[in-house]
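Heads up, the thing below is written out as C-alpha cells.
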Amino acid sequence: MMTPHDNQAGRRVAQLRRYMEDHGISAFIFPSTDPHCGEYVPRHWETRKWISGFDGSAGTAVVTLTDAALWTDSRYFLAAEEQLAGTPFRLMRERIPGTPDITEWLAQVLPAGSRVGIDAWVNTIALRRSLAQGLAAHGLQLVAAGDPAAALWTDRPPIPDSPVEVHPLSCAGEPASHKLARLRARLGEMGAGAMLVGQLDEVAWLTNLRGCDVHCCPVAVGYVLVTPQEAVLYISPRKTDARVQDYLHSQGISTRPYTALAADLSGLVASSILLDPDRCNSQVADCLPPGCRIVEALSPIATFKAVKNEAEQEGFRRAMLRDGVAMARFLHWLVPAVEAGGQTELSVSARLEQLRSEQPLYRGLSFDTIAGYGPHGAIVHYEPTPESDAPLQARGLLLLDSGAQYTDGTTDITRTIALGPLTPQECADYTLVLKGHIRLAMVRFPAGSSGTQLDVLARYAMWQQGINYLHGTGHGVGSCLNVHEGPHQIRMNYMPAPLLAGMTVTNEPGIYRAGLHGVRIENTMLITRFMEGEYGEFLQLEPLTLCPIDKKPILTDMMQPDEIAYLNAYHARVYDALSPLLDEAERAWLREATSPLSKD
C-alpha cells in the first residue's frame, strides 16, 4: 500500500515529466549538491530529496519520461530501499557488480539523440564534463536545462538569509585583509588574474565571518570574487547590518547582492580566473565573458585554512578542554543511568548535547550525534531516529561519535563504551582498534608525507587478523568551521595533499561487525614539529581531545608495552587537565577512569 509520502513522490515525478516535455528533454539528473559544492547543503537546494523522498546525505536521482532511478552507496542501501518503496524510483546500489552507472543506464532506457538535462548551478565543472563525455559516447546529449524545482517545488524553503557575525580576531588570528593579500600573491604565482571563492567554509575563513545557514556548520551563503584591485562579497543584503558592513569596508571588502553574481561575472575584465573544477559549479564558467581564460587548479585557500595559526591552535586547546569537561561529566553519568533503566540512543545523545550547551562559547553541534548501541554501532554513519531509537541495556558496547562548535574551535570525538559485560569478540575488536589508534598517534614522520603513507599504522594490527574498515582514518577539522576539512586526509586510497605542521587531523580507526557491534576510537590531533636534523624536518601528532578511553574492554595481553605506556601518559594528561574543573564525585570517577593500565 502506498503511503501519502509515496503518493507525493509520484505526483512530483508526474509534474516533472510535464516540465521535461515542455523543455524538450528526455531525462533530468538531480545530484545532492548545491551551487557552493560543499558537503553540507541548505534545505533550499535539497532537490534530490524533494523529488525522490530519499533523505540520505549522498545520492543522485534520475528521472526519465517513463522511468526513474536513484543511486546511493552502501551506507544507505537499507534506508533507501525503505524510503523508495512505492515511489517511481528503483534503487541502484553503487559499486555493486551489475549496477550500471548513470550514463550506462540512460543509454539503456533512452533512444539515441535524447537530451538529458541538468541544473548547471548545482553540478561542478568536472562532473558536467564527465557526464557530457559519458552520454556522448552513447549518442546522448547533456544540456543545461535550468532548475525544475524553481517552478514545481511550491513550498520550497528560501535561500537562508540569517544575519552573519564577525569572527573575533582573537580566534581567527589573522585579519581578512592579510588573508586577501596572501591569496592575491598566490594567485599571481599561479598565473590567475582573479578567483571566485564559492565553498562556504572558504568564504567564511577568508572574510572572518560566521553564520548559521547550514545545519551544524557556522557558515553563510555567499561568494567572494577576488581580483588584484578589489574583493566583492556576494551575499543577501539582509545578512549584513551596519556593523558588519563597516567591518568589511575596513578589510577592503565590498558587497553586492547574492543574485548579482551571474551578471557581474559576464562583465569581468580579468584576463583569467582560477576555478577549481571539482569545487566550482559549471554555471559560473558559462557566465564568464569569451576572453576570460579559466585556470583550473585547486583552491589555495584549502591549504591556507587547513594550517592553523597560533591563535587557532590555542582556540582548539581551549575548546577541547571545555568539551572534555562535558564528556567527562557525561561518561560519569552514563553507565549508572543505563543500569537504572529507561535510557535510549536518543536520550543519551540529548544528555550529552545538554552538557555541552552549558559550556562557555558553545554554538551548537558540529554534526548530528552518532549513538549506535550494539548492532547499530556497526552502521558507520548511523544516526538514531524515533523509529530506530534503541533502548540501552547494561551489557555490550555503545559507539558514540559526537562533536560541538565553539567560537574558538570545533570538536570531533568518538568513544566506544562498555555498558556492562562484553563478549570475547567485542573485547578483541576493541583492543585491535585501540592498538591502531595508538600506533598512529605515536608516529613521527618526515614533513610533506601524505596521509596515505601513514594509514597502514592504524590498520596493521587488524590486518594481521584479516580485518579491515572501509572509511578513512582521518580528516581535517575546521576552526569554528566545518567538522570535515581538507585537502589532507589519512586513508588507504592515495591522497597526495601533504601533512603540514599546524594542521588538525582526526585519528579514528574502527571495526564493524554487521548485526553485532561496532568499535571506533577517535581523537582530534594537531600536527606539530618534532625535530629538524640531518634528514630534514620531522613531525608528530599532539592529541587535542581530552577524554578518557574506556579501559574495561582492553585485553592487556594483546597490548605492547609502548602502547600501554602511551595510553597511560595520555590518561595522565587528561586527568591533569580536567580534574580541576570537575566536582568531587566527577573527579573521583576520572581518577579511576585514567588510572594506569598494566599487563598484570
| query | Could you give the longest part of the chain that holds none of the GluC sites (Glu not before Pro) found in DSSP loops with at most 10 neighbouring Cβ atoms within 10 Å? | reply | 1-386
| request: Pairs of Cα atoms under 8 Å, at least six residues apart: use those to get the relative contact order of the stretch 404-546, whole percent. | output: 30
| With the other protein chains left in place, how much accessible area per residue, in square angstrom, belongs to the stretch 240-383 at a 1.4 angstrom probe? | 42
| Gain on full stretching of the segment that runs from Asn7 to Val307 - 0.36 nm per residue minus C-alpha separation | 103.1 nm
| Which entries in Lys49/Lys239; Lys551/Lys599; Lys435/Lys599 show an alpha-carbon gap greater than 22 Å? | Lys49/Lys239
| Between the stretch 179-217 and the stretch 48-87, the Cα center-to-center distance that results, in Å | 33
| task | Specify whether the C-alpha gyration tensor of the stretch 503-567 places it in the rounded, prolate or oblate class, a ≥ b ≥ c being the square roots of the eigenvalues: rounded for a/c under 1.5, otherwise prolate if a/b is larger than b/c and oblate if not. | result | prolate
| Net charge of neighbours whose Cβ lies under 12 Å from the Cβ of Ala461, counting Lys and Arg as +1 and Asp and Glu as -1 | +1
| task | Please identify the longest segment of the chain free of exposed trypsin sites (Lys or Arg not before Pro), where exposed means a DSSP state other than H, G, I, E or B and no more than 11 other Cβ atoms within 10 Å. | result | 96-598
| remark: Expressed in angstrom and ordered largest first, the alpha-carbon extents of the stretch 480-600 along the principal axes are 45, 40, 35
| request: May I ask you to give the solvent-accessible area per residue for the stretch 119-210, in square angstrom, as obtained with a 1.4 angstrom probe? | output: 40
| task | Might you tell me the accessible area per residue for the stretch 528-570, computed with a 1.4 Å probe and given in Å²? | result | 50
| request: Multiply the residue separation of Glu584 and Glu296 by 0.36 nm, subtract the distance between their alpha-carbon atoms, and state the gained length in nm to one decimal. | output: 97.8 nm
| field | Relative contact order %, the chain, counting alpha carbon pairs below 8 Å whose residues are six or more apart | value | 10
| message | What whole-number distance in Å separates the alpha-carbon centres of the stretch 247-326 and the stretch 436-471? | response | 32
| message | Only helices at least 30 Å long along their own axis, judged from Cα atoms, and with Kyte-Doolittle mean hydropathy of -1.0 or greater: name those in the chain from DSSP H. | response | 310-340
| query | In the chain, what percent of the accessible surface is made up of carbon and sulfur (1.4 Å probe, ligands and nucleic acids excluded)? | reply | 54
| Taking the Cβ of Thr452 as the center, what net charge do the other residues with Cβ under 15 Å away carry, scoring Lys and Arg +1 and Asp and Glu -1? | +1
| task | Report the Stokes-Einstein translational diffusion coefficient (µm² s⁻¹, integer) for the stretch 216-279, Rh taken as the Kirkwood radius over Cα pairs, at 37 °C with viscosity 0.692 mPa s. | result | 251
| task | State, as an integer percentage, the relative contact order of the stretch 508-600 based on alpha-carbon contacts under 8 Å between residues 6 or more apart. | result | 22
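The values are calculated or read from the model by the stated rules, or taken from the named source; none is laboratory data. Model, not experiment: these values are computed from the prediction. Using ideal geometry, Cβ is built from the backbone for each residue, glycine included, and neighbour counts are taken over all protein chains shown. Surface accessibility is based on the protein's heavy atoms, side chains included, excluding ligands, DNA and RNA. Shrake-Rupley method; radii C 1.70, N 1.55, O 1.52, S 1.80 Å.
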